[in-house]
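The values are calculated or read from the model by the stated rules, or taken from the named source; none is laboratory data. Model, not experiment: these values are computed from the prediction. Every residue, glycine as well, gets a Cβ built from its backbone with ideal geometry; the counts of neighbours run over all protein chains shown.
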Ligand code: 5RP
């Protein structure tokens, strides 16, 4: 599939990755609908968006957040945070990605927030992905695929990935298995080439003990604001 690419910001050569994240975080403001609640993802790029959102906080009702970390940042900046369960639909969800392909399919979960991210994305009409150009790929699978798993199932899930040619490892934090906001573990899987993201997400989501697989094919992006050395480009899918 092809997608139109149009620069919306002037050429900005030699910007650091951090500066590109700031640019796309700011560019995402134009998708925020005044008077509404905005869906907010997780990660270093989203942190830039949250900082930008704080400058227009009086123009929005608040946010639904995808992680404890984003909730803390939103609240610290004076933005009201609503529970996802108390809001039926959101017009827009803004989040980063670890990889995004040319169809808007993504790998997410590098920040271990994939389950809540998928939930908030599912209740949103539009997913706007904000990312620097290193995240754009032809095929998903180079970034280790995060999968949130109930702890008693991790060994079995790792064996199931081995049968697909992948190597799974439980993510550690300070020497212990990382515990997500939902009390589960993360298995990161390397060695996968995900040629059919829809089929892959469907398959892995059915394995017992898998809470969420980090492939976002059903909750794919409709727009990607990509930070590049020639400015912020808008990809539509
Ligand atoms: C968190 C995510 C993030 O969106 C993803 O890891 C990208 O993060 P960053 O903007 O820090 O590169 O999925 O679970």
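Can you give me the ranges of the strands (runs of 3 or more DSSP E) entirely in region 170-237 with at least 2 residues that are at pLDDT 95 or above and under 16 Å from the mean Cα position of the chain (by Cα)?
Qualifying strands (runs of 3 or more DSSP E): 185-190, 210-213, 223-228.
Would you pick out the residues in region 48-61 that are in contact with a strand residue (DSSP E or B) (Cβ under 9 Å, 6 or more places away or on another chain) and within 14 Å of the ligand (Cβ to nearest atom)?
Hits for region 48-61 are 48, 49, 50.
Condition first: out of contact with any strand residue (DSSP E or B) (no Cβ under 9 Å at 6 or more places or on another chain), away from the ligand (no atom under 15 Å from the Cβ) and in contact (Cβ under 8 Å) with a residue 24 or more places away in the chain. Now tell me which residues in region 66-104 satisfy that.
Across region 66-104, the qualifying residues are 77, 78, 88, 103.
Checking residue 138 against (1) surrounded by 18 or more Cβ atoms within 10 Å (Cβ to Cβ); (2) part of a loop (DSSP other than H, G, I, E, B), which test does it fail?
Unmet for residue 138, out of (1) surrounded by 18 or more Cβ atoms within 10 Å (Cβ to Cβ); (2) part of a loop (DSSP other than H, G, I, E, B): (1).
Is it true that residue 128 is buried (at least 20 other Cβ atoms within 10 Å of the Cβ) and out of contact with any helix residue (DSSP H, G or I) (no Cβ under 7 Å at 6 or more places or on another chain)?
no
Residue check: is residue 107 more than 19 Å from residue 27 (Cα to Cα) and more than 9 Å from the ligand (Cβ to nearest atom)?
Judged against the criteria, residue 107 is not a match.
Restricting to region 17-47, what's the tally of residues that are within 9 Å of the ligand (Cβ to nearest atom) and farther than 18 Å from residue 136 by Cβ?
2
May I ask you to verify whether residue 148 is more than 8 Å from the ligand (Cβ to nearest atom) and outside any loop (DSSP other than H, G, I, E, B)?
When the stated conditions are applied, residue 148 passes them.
Any idea which of (1) in a strand (DSSP E or B); (2) closer than 30 Å to residue 195 by Cβ; (3) at pLDDT 95 or above is the one residue 6 doesn't satisfy?
Evaluating residue 6 over (1) in a strand (DSSP E or B); (2) closer than 30 Å to residue 195 by Cβ; (3) at pLDDT 95 or above leaves (3) as the failure.
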